[in-house]
1. With the requirement that a residue be touching a strand residue (DSSP E or B) at 6+ places or on another chain (Cβ under 7 Å), part of a loop (DSSP other than H, G, I, E, B) and among the β-branched types (Val, Ile, Thr), what does region 24-59 give you?
2. Give the residue that is farthest from ALA157 (Cα to Cα), with candidates limited to residues of region 56-105 that are of a type in the set (D, E, K, R) and modelled with pLDDT of 95 or more.
3. Of a type in the set (Val, Ile, Thr) and either outside the structural domain of MET104 (by TED's automatic domain parsing) or surrounded by fewer than 16 Cβ atoms within 10 Å (Cβ to Cβ) (or both) - does that describe any residue in region 156-163?
4. Can you confirm whether region 128-138 contains a residue that is among the basic types (Lys, Arg) and within 15 Å of ALA50 (Cα to Cα)?
5. Consider GLN85 against the criteria (1) of a type in the set (S, T, N, Q); (2) more than 15 Å from the chain's Cα centre (by Cα); (3) under 27 Å from PRO177 (Cβ atoms): it satisfies all of them except one. Which criterion is unmet?
6. Filtering region 172-198 down to residues that are of a type in the set (D, E, K, R) and at pLDDT below 90, which residue is nearest to ALA27 (Cα to Cα)?
7. Among the candidates ALA27, ALA50, single out the residue that is surrounded by 10 or more Cβ atoms within 10 Å (Cβ to Cβ) and farther than 25 Å from ASP144 by Cβ.
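The values are calculated or read from the model by the stated rules, or taken from the named source; none is laboratory data. It should be emphasised that the depicted structure is a prediction, and the values quoted were computed from it without experimental measurement. Cβ: placed from backbone, ideal geometry, glycine included. Neighbour counts: every protein chain shown.
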Amino acid sequence: MARNRKPGCIGRVFRLIGWLITLGVLAFVGLFGHLLYKEYTLPQPGTYSAIVVLGAQVNPDGSPSVQLEWRLNKALEMYKAQPMQIVVTGAQGADEPATEASVMAAWLIARGVLPEHVLMDDTSFNTKENLANAVKLLSRSTVDLLIVTSDYHLPRALQIARDMGLNPSGVGSPIKPEYWVKNHFRETLAWGKYLLQRFIPFLDRF
């Protein structure tokens with residue numbers, strides 16, 4: 001009898017694994033569709049009293065990567081239309097020669113942004129930390145933020161800001177076409193992680 005049960009148990013295990021894989025694929029497809037919908041139906045920016053620019057990769061020579069420079073160009077465009085405080089965010093990664101925030105600040109100041117308008121958060125390593133630290137640098141009454149980041153990243157950044165009790169608007173910058181698949185794949189996984197941490201609080205430790 002025991003010998004007959006063993007193949008049945010193995011079969012149930014494989015069926016369970018199959019169901020879990022199927023559910024994982026369906027969840028990924030659903031999140032990917034959610035991301036695209038949010039990305040392509042973003043509203044126009046509302047009123048805001050500060051600009052927050054989220055960091056990205058810095059080149060080995062200390063210059064902004066293309067993706068980061070496009071974010072900065074968009075931030076500069078919004079600043080020139082309405083000068084105000086602008087927070088640049090991002091710590092120094094293991095493969096970066098300087099903090100993302102310091103490189104961003106230097107780039108903006110070199111192009112006419114007043115130094116006294118630039119605030120730096122050079123300690124954050126992810127989107128949630130970017131926004132939390134940016135808020136600490138601003139006046140306590142500042143809740144109307146304009147978030148500037150890459151277009152694929154903007155929906156999640158806005159959702160995180162709303163979950164923090166802020167009233168965010170956003171503008172997105174483009175990405176290189178050859179990175180579209182990779183960036184959207186990673187962002188879909190990031191959405192999944194964020195939603196799990198949001199609804200299962202103890203996962204926020206990971």
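1. Passing the criteria: only THR47.
2. We begin by selecting, within region 56-105, every residue of a type in the set (D, E, K, R); these are 61, 69, 71, 74, 77, 80, 95-96, 100.
Now narrow it down to the ones that are modelled with pLDDT of 95 or more: 61, 69, 71, 74, 77, 80, 96, 100.
Values: ASP61: 28, GLU69: 18, ARG71: 14, LYS74: 16, GLU77: 20, LYS80: 23, GLU96: 23, GLU100: 18 Å.
Looking at the filtered set, the residue picked out is ASP61.
3. Going residue by residue through region 156-163, those that are of a type in the set (Val, Ile, Thr) are 160.
Those left that are additionally either outside the structural domain of MET104 (by TED's automatic domain parsing) or surrounded by fewer than 16 Cβ atoms within 10 Å (Cβ to Cβ) (or both): none.
Checked region 156-163: no residue is of a type in the set (Val, Ile, Thr) and either outside the structural domain of MET104 (by TED's automatic domain parsing) or surrounded by fewer than 16 Cβ atoms within 10 Å (Cβ to Cβ) (or both).
4. To start, the set of residues in region 128-138 that are among the basic types (Lys, Arg) comprises 128, 136.
Subsequent filtering for residues that are within 15 Å of ALA50 (Cα to Cα) retains 136.
Checked against the condition, which is being among the basic types (Lys, Arg) and within 15 Å of ALA50 (Cα to Cα), region 128-138 yields at least one hit.
5. Of (1) of a type in the set (S, T, N, Q); (2) more than 15 Å from the chain's Cα centre (by Cα); (3) under 27 Å from PRO177 (Cβ atoms), only one is false for GLN85: (3).
6. Going residue by residue through region 172-198, those that are of a type in the set (D, E, K, R) are 176, 178, 182, 186-187, 193, 198.
Okay, now just the ones that are also at pLDDT below 90, so 193, 198.
On the way: LYS193: 12, ARG198: 16 Å.
The extreme case among them is LYS193.
7. Details: ALA50 fails: farther than 25 Å from ASP144 by Cβ.
Exactly one residue qualifies, and that residue is ALA27.
Residues checked against (1) surrounded by fewer than 22 Cβ atoms within 10 Å (Cβ to Cβ); (2) assigned by TED's automatic domain parsing to the domain that holds ASN130; (3) in a loop (DSSP other than H, G, I, E, B):
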{"position": "ASP61", "(1), (2), (3)": "yes, yes, yes"}
{"position": "ARG71", "(1), (2), (3)": "no, yes, no"}
{"position": "LYS74", "(1), (2), (3)": "yes, yes, no"}
{"position": "MET78", "(1), (2), (3)": "yes, yes, no"}
